[in-house]
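Input: a single structure, listed below in structure tokens.
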Amino acid sequence: MIITVVGYKGGVGKTTTAIHLAAYLQEKGSTLLVDGDPNHSASRWVERSSDFPVSVKRAEAASGQLSAFQHVVIDTQARPSPEDLQELARSCDLLVLPCSPVRWRWMR
């Protein structure tokens, strides 16, 4: 399964979501976390942990290795173009779009 985490705004939890999904999926089978964000936030998080259970590769180094894993979680850069979003959606099994909470007004 390939899960892609996409965000249009910084600070919505995209990298946090990708890391937690990857750690959970590792319990189910071999998992690769692909750090596709130019800031390399996921890689930096994992470098600070001596026991992170998931293989992490930057996008440019991961392209030929996806088939070696049961699960792949991709942390993407923020603000993808419409064309990039379409390609991301076509190439994954699940597209996750974290967003900021919205204040709801409940009608009676």
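The values are calculated or read from the model by the stated rules, or taken from the named source; none is laboratory data. Keep in mind the model is a prediction, meaning the values are calculated, not measured. Note that we place each Cβ from the backbone using ideal geometry, even for glycine, and neighbour counts take in every protein chain shown. The accessibility values were calculated without ligands, DNA or RNA, using every heavy atom of the protein model including side chains. Shrake-Rupley method; radii C 1.70, N 1.55, O 1.52, S 1.80 Å.
One table, with the values for the structure above:
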read-out: Identity of the residue in the range 11-28, part of a loop (DSSP other than H, G, I, E, B) and open to solvent by less than 40 Å² (accessible area, probe 1.4 Å), that ends up nearest to SER49 (Cα to Cα); value: GLY13
read-out: The one condition in (1) open to solvent by less than 30 Å² (accessible area, probe 1.4 Å); (2) touching a Phe, Trp or Tyr at 6+ places or on another chain (Cβ under 8 Å) that VAL73 fails to fulfil; value: (2)
read-out: Tally, over the range 29-42, of residues that are in contact with a His (Cβ under 8 Å, 6 or more places away or on another chain) and open to solvent by less than 20 Å² (accessible area, probe 1.4 Å); value: 3
read-out: Close pairs (9 angstrom Cβ cut-off, 6 or more residues apart or separate chains): assigned to a loop (DSSP other than H, G, I, E, B) in the range 45-72, of a type outside the set (D, E, K, R) and open to solvent by 70 Å² or more (accessible area, probe 1.4 Å) anywhere; value: PHE52/TRP45; GLN70/MET1
read-out: Test: residue in the range 82-103 that is in contact with a helix residue (DSSP H, G or I) (Cβ under 6 Å, 6 or more places away or on another chain), assigned to a loop (DSSP other than H, G, I, E, B), crowded, with 16+ Cβ neighbours inside 10 Å and in contact (Cβ under 8 Å) with a residue 60 or more places away in the chain; value: yes
